[in-house]
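Contents: one structure, followed by commentary.
The values are calculated or read from the model by the stated rules, or taken from the named source; none is laboratory data. No experiment lies behind these values; they were computed from the predicted model shown. Please note: Cβ atoms are built from the backbone with ideal geometry, for glycine as well, and neighbour counts cover all protein chains shown. For accessibility, only protein heavy atoms count, side chains too; no ligands or nucleic acids. Shrake-Rupley method; radii C 1.70, N 1.55, O 1.52, S 1.80 Å.
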Amino acid sequence: MSAQTPSGGPLLDGPADPEHDPRASYALEPGYVRALTDRLVATTGDTSPVESPLNGQPLAHVPQSSTADVEEALSRARRAHEKWAASPLEQRTEALLRLHDLVLDRQAEICDLIGLEGGKARKDAFMELAHVALTARYYARTARDHLQTRRVPGLFPGLTHVQVNRVPKGVVGIISPWNYPFTLALSDGLPALLAGNAVVIKPDAQTMLTALLGAELLEEAGFPRDLWQVVAGPGREIGPPLIAGADFLCFTGSTATGKVIASQCAERLIGCSLELGGKNPLLVLRDADIETATEGAARASFSNAGQLCVSSERLFVADQVYDRFVDRFVARTEAMTLGSSLDWSVDMGPLISQDQLDTVTAHVEDALAKGARVLTGGRARPDLGPYFFEPTVLEGVSPDMTCFGEETFGPVVSLYRFHDEADAVARANAGQYGLNAAIYSEDGRRAREIARQIRCGTVNVNEGFGATFGSLAAPMGGMRQSGMGRRQGAEGLLRYTDTQSVATQRGLRIGPSFGLSQEQYAKLMTTSLRVLNKIGRA
Ligand code: NAD
């Protein structure tokens, strides 16, 4: 089976013949691949293969970085940061706005590459580039407000002038995953650049080309080339030297790896933000619009074949609407189109790898062996491609089953019936994670009250995940084992800065003057403090 492209763009004039040219790809022009991989700081001479999950065929052999390469990338980035930090804010915001237009202009090429490397349906690939555009525009338009120096009240009103500056951290390390390889490589880095930092990024090996295309677009948009360094290699080897030389680390990936990263950052006392896993609940209340809930739940459970950190893996449905909802949800799931095409016709592509297929298969087999029922799906589909697994709806999942509390990260969702809402909230809150939740109800006010009781960093009402994910002014991230720190909003930018307080003392010095003794000065201070408290000053 060969991948088809709708773009007819520069990507696929090939195919080249990998049997005769080891650097060639079945789907991509060798020159195109080389222009991307030349951006890597990687001198070991070793390469790692990238294969397309659409058909298992090779896409590229990606040069690998050594510890010395990571150190070289860090020092190039540091030099670039020093110049960049002195650049006017307008130069940075203009580059962001150019990037906004560039990703929209080059969308066919970006979607092709995301589809070829990750296997995801084109609609999900488009969502990635739309998220990059949204992020670029949001931060460009709000930069001045977030980063401007602020006046704050001083010790002696009128006499102590205090300003708080926002200073870039320096070099930000980013370690990003494969599941949303375009936006998770770029969108966390954009606010870092805007604040005056440089970035050294280690993308996941499976989706390196997509991340490198992001680097190319950044340069085209006007960011200096050295400001964004890309290194490649196994996380266990490349992570430690990156953390050893960075001033802040932004990590997106599994909770297990997040804990390793956090402890390495703690050793150096550098900050980190961790965007980790989830076992996200979706609640359908008794007054929900069932059509809206069905459509939303299907998208929330099966976007990118469920390989989405904020996707719903647990559906809690009110007794009164359970049967109606389940009938429609199963029918909606069965109507989905599965396929390997790069065009818009596909609802769901394959999983990304054999590892993912093994995990998903193991979760479903374990649940079935322990008494769960499959309402639809439940099988791998090797007839469609090497890593396909059907969108799967389970009933009767119990706490002894792996998929009850562990993240499957695949197209498998469990249905649970509830009688009262307090019980549904308690079950939604059970377990270690707290990333994202969704509530479907016609009563928005009531849904928002329930949202406050849910211990997740984002809660969407009458939508699965897109309302918070696409609202860039809203911080996004996990509670509990789902993460630390936030992307998006002011917090997503300010994490890459330190505050610096500069206080200028005028007129009166701090300490006795005008011949006052220490005791008289203490008395004067006591009176002043009482007066300031009485008049309500902070
Ligand atoms: P992973 O933790 O295995 O890998 C993520 C990245 O970390 C990759 O680049 C990998 O090479 C690197 N890495 C692995 N071990 C490392 C180590 N010891 N030191 C340094 N780097 C290391 O995660 P994954 O399985 O590839 O990705 C899926 C997970 O990511 C899921 O749990 C998913 O929920 C989570 N995720 C979370 C978000 C979010 O925003 N919260 C977004 C996407 C994915």
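Taken together, GLN163, GLN148, GLN206 contain a single residue that is closer than 30 Å to ARG530 by Cα and either of a type in the set (S, T, N, Q) or open to solvent by less than 10 Å² (accessible area, probe 1.4 Å) (or both), which is GLN163. For ILE175, state whether it is of a type in the set (Val, Ile, Thr), within 15 Å of the ligand (Cβ to nearest atom) and open to solvent by 10 Å² or more (accessible area, probe 1.4 Å). Here the answer is yes, as ILE175 does meet what is asked. Exactly one condition in (1) more than 10 Å from the ligand (Cβ to nearest atom); (2) out of contact with any Ser or Thr (no Cβ under 9 Å at 6 or more places or on another chain) is not met by GLN307; state its number. For GLN307, the exception is condition (1).
Out of all the residues in region 505-526, which are part of a helix (DSSP H, G or I), open to solvent by 80 Å² or more (accessible area, probe 1.4 Å) and over 13 Å from PHE156 (Cα atoms)?
If we filter region 505-526 for residues that are part of a helix (DSSP H, G or I), which is where we start, we get 518-526.
Next, only the ones that are open to solvent by 80 Å² or more (accessible area, probe 1.4 Å) stay: 518-520, 523-524.
Scanning region 505-526 gives GLN518, GLU519, GLN520, LYS523.
Out of GLY477, GLY444, GLY464, one residue alone is over 12 Å from SER312 (Cα atoms), within 19 Å of the chain's Cα centre (by Cα) and not aromatic (Phe, Trp, Tyr). It is GLY477.
Can you confirm whether region 193-208 contains a residue that is more than 16 Å from the ligand (Cβ to nearest atom) and β-branched (Val, Ile, Thr)? No, region 193-208 contains no residue that is more than 16 Å from the ligand (Cβ to nearest atom) and β-branched (Val, Ile, Thr).
Looking at GLU128, GLU117, GLU90, GLU109, just one residue is in a helix (DSSP H, G or I) and either open to solvent by 20 Å² or more (accessible area, probe 1.4 Å) or farther than 21 Å from SER176 by Cβ (or both), and that residue is GLU90. Confirm whether ALA185 is in contact with a Phe, Trp or Tyr (Cβ under 8 Å, 6 or more places away or on another chain), part of a helix (DSSP H, G or I) and either of a type in the set (Gly, Ala, Ser) or touching a residue at least 24 places away in the same chain (Cβ under 8 Å) (or both). Criteria not met by ALA185. Only one of these conditions is not met by HIS363: (1) under 26 Å from the mean Cα position of the chain (by Cα); (2) open to solvent by 30 Å² or more (accessible area, probe 1.4 Å); (3) under 15 Å from LYS279 (Cα atoms). Which number is it? The one condition HIS363 does not meet is (2).
Would you point out the residue of region 40-77, among those that are in a strand (DSSP E or B) and open to solvent by 70 Å² or more (accessible area, probe 1.4 Å), that is farthest from TRP228 (Cα to Cα)? Among them, the one singled out is GLU51.
Being under 29 Å from THR402 (Cβ atoms), within 16 Å of the ligand (Cβ to nearest atom) and not β-branched (Val, Ile, Thr): is that true of GLY339 here? First the steps, then the outcome.
Details: under 29 Å from THR402 (Cβ atoms): yes; within 16 Å of the ligand (Cβ to nearest atom): no; not β-branched (Val, Ile, Thr): yes.
Against the criterion (under 29 Å from THR402 (Cβ atoms), within 16 Å of the ligand (Cβ to nearest atom) and not β-branched (Val, Ile, Thr)), GLY339 does not qualify.
How many residues does region 465-480 hold that are closer than 24 Å to ASP287 by Cα and either open to solvent by 10 Å² or more (accessible area, probe 1.4 Å) or without any contact (Cβ under 8 Å) to a residue 40 or more places away in the chain (or both)?
Residues of region 465-480 that are closer than 24 Å to ASP287 by Cα, as a first pass: 465-468.
With either open to solvent by 10 Å² or more (accessible area, probe 1.4 Å) or without any contact (Cβ under 8 Å) to a residue 40 or more places away in the chain (or both) added as a condition, the list becomes 466-468.
Number satisfying all stated conditions: 3.
Test GLU334 against the criterion of being open to solvent by 10 Å² or more (accessible area, probe 1.4 Å), among the acidic types (Asp, Glu) and out of contact with any Ser or Thr (no Cβ under 7 Å at 6 or more places or on another chain), and give yes or no. Here the answer is no, as GLU334 does not meet what is asked. A search for C-beta distances below 8 Å between a residue of region 269-293 that is more than 12 Å from ALA424 (Cβ to Cβ) and within 16 Å of the ligand (Cβ to nearest atom) and any residue that is open to solvent by 30 Å² or more (accessible area, probe 1.4 Å) and among the acidic types (Asp, Glu), counting only pairs 6+ apart in sequence or on different chains, returns ILE270/ASP247; GLY277/GLU407; GLY278/GLU407; LYS279/GLU406; LYS279/GLU407. What are the pairs with Cβ atoms under 7 angstrom where one residue, in region 242-261, is closer than 14 Å to GLY478 by Cα and within 7 Å of the ligand (Cβ to nearest atom) and the other, located anywhere, is open to solvent by 20 Å² or more (accessible area, probe 1.4 Å) and part of a helix (DSSP H, G or I)? Sequence gap at least six, or different chains. Correct list of pairs: THR255/GLN481. So, in region 86-137, how many residues would count as being in contact with a helix residue (DSSP H, G or I) (Cβ under 6 Å, 6 or more places away or on another chain), under 23 Å from PHE302 (Cα atoms) and small (Gly, Ala, Ser)? Count: 3.
Output the residues belonging to region 481-496 that are over 13 Å from the mean Cα position of the chain (by Cα), part of a helix (DSSP H, G or I) and surrounded by 22 or more Cβ atoms within 10 Å (Cβ to Cβ).
Step one: filter region 481-496 for residues over 13 Å from the mean Cα position of the chain (by Cα), giving 481, 489-491, 493-496.
Then keep just the ones that are part of a helix (DSSP H, G or I); that gives 481, 489-491, 493-494.
Once the filter is applied, which keeps residues that are over 13 Å from the mean Cα position of the chain (by Cα), part of a helix (DSSP H, G or I) and surrounded by 22 or more Cβ atoms within 10 Å (Cβ to Cβ), region 481-496 yields only LEU493.
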